[in-house]
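Participant: This is the structure I have questions about; it appears just below.
The values are calculated or read from the model by the stated rules, or taken from the named source; none is laboratory data. All values derive from a computational prediction rather than experimental measurement. Please note: Cβ atoms are built from the backbone with ideal geometry, for glycine as well, and neighbour counts cover all protein chains shown. Note: areas computed on protein heavy atoms with side chains; ligands, DNA, RNA excluded. Shrake-Rupley method; radii C 1.70, N 1.55, O 1.52, S 1.80 Å.
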Amino acid sequence: MIFSIASRTLVLLVALAACDAPSSVAGACRHRIGIGSGDVSAALNTRTSEERTVQGDAQTCQFVISGPTTVDVSVRPGMGRVTVSSWIRGRMPLAAAAVNGVGDYAVWQPQLRELIAEQNDLLCDVTLSADNTKESADSVRDRAGALCTMVFASARNANTPVAGNHSTRR
């Protein structure tokens, strides 16, 4: 009886731990958000060592690059306009600067190292963890913008799961 309770408890603890941990599945991010490790490597001009899906958030993937640096990419259909508009209108706790040439509208939040962009109401949010490089903030912002441009291009492709999931209402 004791062994049975202990083994059930162990199985439950392992299952609960797995719920919070990112999972690593090759190709899952391309299916979920339209881009994968190769795209991130190309946009950031660095090697991506790991691609992780995020448990509990089917619209976000995390890419591990040089050392402890990570790039989180979230793609949320139907959330682009309201999210970017909130940043532009100063309704967020931190100020953000407008960015040209990425989607329909985009902003960069330097303290969070986050680019928030939208095209046809599809939100692309790229957050880079602490920077280990000597790149300028403008260069990092531009590379994050390149990732969103890839996401938007992928969404225009009819074979990409994110393509039909966003609103085109104006």
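Participant: Which FRET efficiency, nearest 0.05, do Gln111 and Arg156 yield, Cβ-Cβ r, R0 30 Å?
Facilitator: 0.40
Participant: Which net charge results for the neighbourhood of Cys61, defined as the other residues with beta-carbon distances under 13 angstrom from its beta-carbon, given Lys and Arg at +1 and Asp and Glu at -1?
Facilitator: In short, -2.
Participant: With a Förster radius of 35 Å, plug the Cβ-Cβ distance of Ala58 and Val82 into 1/(1 + (r/R0)^6) and report the FRET value to the nearest 0.05.
Facilitator: 0.95
Participant: Next up: So how exposed is Leu94, as accessible area in Å² (1.4 Å probe, rounded to 10)?
Facilitator: Using a 1.4 Å probe on the heavy atoms, I get roughly 70 Å².
Participant: Next question, about the same structure. Pull out a ≥ b ≥ c, the square roots of the eigenvalues of the alpha-carbon gyration tensor of the stretch 76-156, then state rounded if a/c is under 1.5, prolate if not and a/b is larger than b/c, and oblate in the remaining case.
Facilitator: oblate
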